[in-house]
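> Submitted below is the structure of interest, expressed as structure tokens.
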Amino acid sequence: MGIISALVLMVFLHLSCNCLNFGTALDTISLSKSIKDPEAITSRGDVFTLGFFSLANSTNRYVGIWYSKSIPEESVIWVANRDKPLKDESGVVMISENGNLVVLNGQKEVLWSSNVKVPVASVSAQLLDSGNLVLQDNNSSDGVRLWESFQQPSNAFVPTMKIRTNVRTGERVQLTSWKSPSDPSNGSFSIGLGILSIAQIFIWNNTRPYWRSGPWNGQIFLGIRVQRDYSFFLDGMNLVDDKEGSFYITYAAASNKSFFSYFLLDSQGNLTRRNWNDEKRNWDIFWSPQITECDIYGKCGAFGSCNSENPSICSCLKGFQPKNKEEWNRGKWTSGCVRIKPLQCERINSGTKSGKEDGFLKLERTKVPDFPEWSANLEDKCKEQCLSNCSCIAYAYDPGIGCMSWSHNLVDIQKFRNGGIDLYVRLAHSELDENTNIRRIIIITVVTGVVAIAISTFFLWRWMAKHRAMKITSEEKLIFNNKGKAHAKCLSDDTVGENINEDKLQQQLPIFKIEELAIATKDFNLSNKLGQGGFGPVYKGTLKDGQKIAVKRLSRASGQGFEEFMNEVLLISKLQHRNLVRLLGCCIEGEEKMLVYEYMPNKSLDAFIFEKSDVFSYGVLLLEIVSGRRNTSFYNEEHPLSLVRYAWKLWNEDNILALPDKVVCDPRHYEEILRCIHVALLCVEESAKDRPTISAVLSMLHSEIVDLPSPKQPAFAERENSSDTESPQINQNIYSINDVTVTKMDGR
């Protein structure tokens, strides 16, 4: 039994060792561990798989890397033996005796090798979660990489990969397309960095440029259309100069580890970005430049501009004409255009009369030409430098790049609807004169028409406003409360039928000029920004007399018209309360509408109102503001109740619009008044747990919460005692427009 037990133990230990060896090599190929078709290894985080696969309509076998969540046919990012497929399932991936990673067929022939020239005693190949397959020296303490798949990419660009060009050695790391979706061998198209003086991305068709991104300005490539295509840059894309002769483009991995994305150069030369859709379990095409005819490199030849929105997409630049008119008329534009009139310096060199100095034609929203020359000059010096150099025929300026100039044929110019930058093309002065005269005529005509329309519109508006004021009568302004009953309590003679205009606004409230407010806020500098509300930002300012102010600059997207704005300003200007910030004036110029308040140094009220007792106090304050009455001075013989009791009584009697002060009771604001009262009654409910939070109160007042719950019995904090019936002098109704009030209430 002892011998049998020993044998069983040996077998167990042998199996255990094999299991341990296998467990430590799930992402690694070593001298002792190879993989045979159909075996595979997986990266430690189960992101990528390395193994054998076949493509649709093909029996060939390849060794490649793909996303583990997807099938190989849809997400292969790298292929080892792309030009030498296996003809059967006898393939092996292993570490050879000379330390290289190799792919062998059944006859032990090497179909692919990492081709490391320096032999190393102990190496292993590990598949990382980035998708990079690295061959490393096991004896090196810092894990020296002898070879990596990211240095020999196929047709896919994944996060942290670097597409690189070394301007000193000429070495490139670039993608190469597949021949077809079922054939991963090297296709016709490749993508990489082209660098003369400024970095650009190129797609080449064999050795000829096929597509160009335009110069990199530190944030974007200037030759790619904006809006949809900007997502290409804003998602971690970056171009780096390592200061050692190499430039590379890369993009960061997503912070969400379950989000996968990569770029693919397809067999037709199109670059697309694909994102993994975990719900659909497939890849969505997230971005594609959709190369048009105008995107094809040099479509219109030298000095030709391409615009895909024109029936004939190619046209010669101003001051140029087709080099071969017959070909041009047939739609063959590659011969390009030639200058019509020679430049001044060319006439001087030829000994003819020089004439006036050359100038520049501005081409807006342009994809600038290829072969830019860079200098560090500012924009004004950029123009001077080009004008003083006879060989300079165009210039452009971008803050992220600096000065760009061109001294050879202008090739691959494209007109954009949006994006691009301004290109200035050098022309003879006579060409500019003609253009200037036409522009002057157009400008004069347009300005004259605009002025005439503006004057007519002004007088029409004044007539309509006057007509409307005469038509409105007090009988037409009935007040309906929220349950349908009509009341006339809150109408006053001075508000019925009045036509509020800027003259009336000037009489009741100071008008500030926009220049005055711009100076006070240092041109609305961000350092003076106090906060951002739902209707626009608020800035701190100081007037010339030293008075501190807060300027609310209403957003142009608020949808508030001129008349509505003035009505609201007049309403706010009539409200005075100790707990309300005072409105000092307003500004209305063009599309700008601003409110000027007194500056409150102790921050906003929402910084001091907290979770339910503060909300109760706020509700009482809101009732005081609407009613124009003090909470502690409300009682009299007519209304022997507190303000809260009185409001609750009117609510139950369907007569709540009897509560508002006539100062605020403008028919144009009935809905807002009712909402304020409704919210106030919710804030003063008996049970603290039923009262809304201050954040909910704000949402209710901003109408973000549309359907408000019905208010419950309020908490009547006051106690009716002898102090309630003090002298009639205290119990008078005091309106807020005539006095500054102090809110006081008993604790609950």
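The values are calculated or read from the model by the stated rules, or taken from the named source; none is laboratory data. Here the structure is a predicted model, which is why all the values come from computation and not from measurement. Glycine also receives a Cβ, built like all others from the backbone with ideal geometry; neighbour counts cover every protein chain displayed.
> Cβ-Cβ distance below 7 Å, separation of 6 or more or different chains: which pairs start in region 372-398 with a residue that is under 14 Å from PRO215 (Cα atoms) and end on one that is among the hydroxyl-bearing types (Ser, Thr, Tyr) and outside any strand (DSSP E or B)?
PRO372/SER197; GLU373/SER197; GLU373/SER407; TRP374/SER197
> Restricting to region 388-401, count the residues that are more than 15 Å from LEU423 (Cβ to Cβ) and of a type in the set (Gly, Ala, Ser).
3
> Out of all the residues in region 96-113, which are buried (at least 18 other Cβ atoms within 10 Å of the Cβ) and either over 17 Å from ARG61 (Cβ atoms) or in contact with a Ser or Thr (Cβ under 9 Å, 6 or more places away or on another chain) (or both)?
Within region 96-113, GLY99, ASN100, LEU101, VAL102, VAL103, LEU104, ASN105 meet the criteria.
> Which one of ASN636, ASN631 is at pLDDT below 80 and buried (at least 21 other Cβ atoms within 10 Å of the Cβ)?
Going through ASN636, ASN631 in turn, just one is at pLDDT below 80 and buried (at least 21 other Cβ atoms within 10 Å of the Cβ): ASN631.
> Assigned by TED's automatic domain parsing to the domain that holds ARG82, farther than 20 Å from LEU50 by Cβ, outside any strand (DSSP E or B) and not hydrophobic (A, V, I, L, M, F, W, C) - does that describe any residue in region 143-151?
Checked against the condition, which is being assigned by TED's automatic domain parsing to the domain that holds ARG82, farther than 20 Å from LEU50 by Cβ, outside any strand (DSSP E or B) and not hydrophobic (A, V, I, L, M, F, W, C), region 143-151 yields no hits at all.
> How many residues, within region 263-297, are surrounded by 12 or more Cβ atoms within 10 Å (Cβ to Cβ), more than 27 Å from the chain's Cα centre (by Cα) and within 18 Å of ILE313 (Cα to Cα)?
Counting residues in region 263-297 that are surrounded by 12 or more Cβ atoms within 10 Å (Cβ to Cβ), more than 27 Å from the chain's Cα centre (by Cα) and within 18 Å of ILE313 (Cα to Cα) gives 2.
> Which of the residues spanning region 58-103 are in a strand (DSSP E or B) and over 17 Å from SER30 (Cα atoms)?
ARG61, TYR62, GLY64, ILE65, TRP66, TYR67, VAL76, ILE77, TRP78, VAL79, LEU86
> Can you tell me which residues in region 379-400 are within 27 Å of the chain's Cα centre (by Cα), at pLDDT below 95 and surrounded by 21 or more Cβ atoms within 10 Å (Cβ to Cβ)?
none
> Quick one: which of VAL93, VAL120, VAL134, VAL116 is surrounded by fewer than 19 Cβ atoms within 10 Å (Cβ to Cβ) and under 48 Å from the mean Cα position of the chain (by Cα)? Step through it out loud before you land on a result.
Values: VAL93 fails: surrounded by fewer than 19 Cβ atoms within 10 Å (Cβ to Cβ); VAL120 fails: under 48 Å from the mean Cα position of the chain (by Cα); VAL134 fails: surrounded by fewer than 19 Cβ atoms within 10 Å (Cβ to Cβ).
None of the others qualify; the one that does is VAL116.
> Among the numbered criteria (1) part of a loop (DSSP other than H, G, I, E, B); (2) at positive phi, which single criterion is violated by ARG365?
Only one criterion is unmet by ARG365, namely (1).
Quick grid of which residues meet (1) modelled with pLDDT under 75; (2) part of a helix (DSSP H, G or I):
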| residue | (1), (2) |
| --- | --- |
| VAL411 | no, no |
| GLN414 | no, no |
| ARG417 | no, no |
| LEU423 | no, no |
| LEU432 | no, yes |
| ASN437 | yes, yes |
| ILE441 | yes, yes |
| VAL446 | yes, yes |
| GLY449 | yes, yes |
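> Taking helices (runs of 4 or more DSSP H) that fall entirely within region 488-574, which contain at least 2 residues that are modelled with pLDDT under 70?
Here the list reads 502-508, 562-574.
> Checking the conditions here, which among VAL684, VAL740, VAL663 is modelled with pLDDT under 75 and touching a helix residue (DSSP H, G or I) at 6+ places or on another chain (Cβ under 6 Å)? Can you show your working first?
On the way: VAL684 fails: modelled with pLDDT under 75; VAL740 fails: touching a helix residue (DSSP H, G or I) at 6+ places or on another chain (Cβ under 6 Å).
VAL663 is the lone residue from the list that is modelled with pLDDT under 75 and touching a helix residue (DSSP H, G or I) at 6+ places or on another chain (Cβ under 6 Å).
> Sticking with this one: Only residues in region 208-221 that are over 11 Å from ILE191 (Cβ atoms) count as the first member; pair them with residues that are crowded, with 21+ Cβ neighbours inside 10 Å and of a type in the set (Ser, Thr, Tyr), Cβ under 8 angstrom, at least 6 apart or cross-chain, and list the lot.
Within 8 Å, the pairs are PHE221/SER213.
> Within region 336-348, identify whether any single residue is within 30 Å of GLY236 (Cβ to Cβ) and surrounded by 16 or more Cβ atoms within 10 Å (Cβ to Cβ), and answer yes or no.
Checked region 336-348: no residue is within 30 Å of GLY236 (Cβ to Cβ) and surrounded by 16 or more Cβ atoms within 10 Å (Cβ to Cβ).
> If you don't mind, another one. Is one or more of the residues making up region 227-244 surrounded by 14 or more Cβ atoms within 10 Å (Cβ to Cβ), among the hydroxyl-bearing types (Ser, Thr, Tyr) and in a strand (DSSP E or B)?
no
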